[in-house]
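Trainee: Please see the structure below; I have some questions.
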Amino acid sequence: MLNNRLFDTCQERLKHAERLLPTWFVPRMMTDVWAFSVLLHDSTLICIEQIRDVRLGADGVYLDVILMDAPPPQAPSRFRWLWAPITRTRASLANRAVMAAFELADR
């Protein structure tokens, strides 16, 4: 019975996230652990492993994410990359700063 409740909770979280951000990447990045990146308006690429939640705050939508602990192996130096500088990898990103989201190559 507990597993069904956890699955329902996950499904409810996905449905809520899709209402706040109706884009392709929400279910993909919330249900898989992979190398993803979001491009910010200042051309910074943030390396993330997963979106944990999408929340509506007083001033907009936020993505609660797990950051990667290193940049991708073939990260071109012409870009500015951001990843977790320490072992604590949780972060929240303001959706208004995100210009694009995409998958990165396998590590």
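Trainee: So what's the back-of-envelope 222 nm ellipticity for the chain, counting only DSSP H runs of four-plus at -39500 (n - 2.57) apiece and dividing by all residues, rounded to 500?
Mentor: Roughly -7500 deg cm²/dmol at 222 nm, from the helical runs in the chain.
Trainee: Now for a different question. Provide the gained length on full extension for the span Arg80 to Leu20, in nm with one decimal, where the gain is 0.36 nm per separating residue minus the Cα-Cα distance.
Mentor: This chain segment gains 18.8 nm when fully extended.
Trainee: Moving on. Mind listing the phi-derived Karplus ³J(HN,Hα) values for region 63-69, rounded to whole Hz, using 6.51, -1.76 and 1.60 with θ = phi - 60°, and x for any glycine or proline?
Mentor: So the J values, rounded to whole Hz, are 9, 8, 10, 10, 6, 6, 8.
Trainee: For Arg55, Arg78, what's the largest-to-smallest order of accessible area, 1.4 Å probe?
Mentor: If we order Arg55, Arg78 from most to least accessible, we get Arg78, Arg55.
Trainee: Let me ask another. With unit charges on the beta carbon (Lys/Arg positive, Asp/Glu negative), name the residue among Ala101, Val54, Ala35 whose Cα is farthest towards the positive pole of the charge dipole of the chain.
Mentor: Val54
Trainee: Could you tell me the relative contact order of the chain? Use alpha-carbon pairs under 8 Å, at least six residues apart, and round to a whole percent.
Mentor: That works out to 27 percent.
Trainee: Specify the angular offset, from 0 to 90 degrees and rounded to the nearest 10, of the alpha carbon long axis of helix 2-20 from the longest principal axis of the alpha carbons in the chain.
Mentor: So the inclination is approximately 60 degrees.
Trainee: Can you compute the label reach from His41? Point 7 Å from Cα along the Cβ direction, backbone N cut-off under 13 Å, restricted to region 66-107.
Mentor: 94-100
Trainee: Leaving ligands, DNA and RNA out of it, work out the accessible area of Thr31 with a 1.4 Å probe and give it in Å² to the nearest 10.
Mentor: The accessible area of Thr31 comes to roughly 90 Å².
Trainee: Please give the charge dipole size of the chain, origin at the Cα centre, charges +1 on K and R Cβ atoms and -1 on D and E Cβ atoms. Round to the nearest 20 debye.
Mentor: 120
Trainee: Related question: Provide the solvent-accessible area of Ser77, counting protein heavy atoms only and rolling a 1.4 Å probe, rounded to the nearest 10 Å².
Mentor: 120
Trainee: Still on this structure: On a full-extension model of 0.36 nm per residue, what is the gain between Ala105 and Thr89, subtracting their alpha-carbon distance, rounded to one decimal in nm?
Mentor: Gain on stretching Ala105 to Thr89: 3.8 nm.
The values are calculated or read from the model by the stated rules, or taken from the named source; none is laboratory data. Nothing here was measured: the structure is a model prediction, and the numbers come from that model. Here the Cβ is made from the backbone with ideal geometry for all residues, glycine too, and neighbour counts use every protein chain on show. Keep in mind that these areas ignore ligands, DNA and RNA; they rest on the heavy atoms of the full protein, side chains included. Shrake-Rupley method; radii C 1.70, N 1.55, O 1.52, S 1.80 Å.
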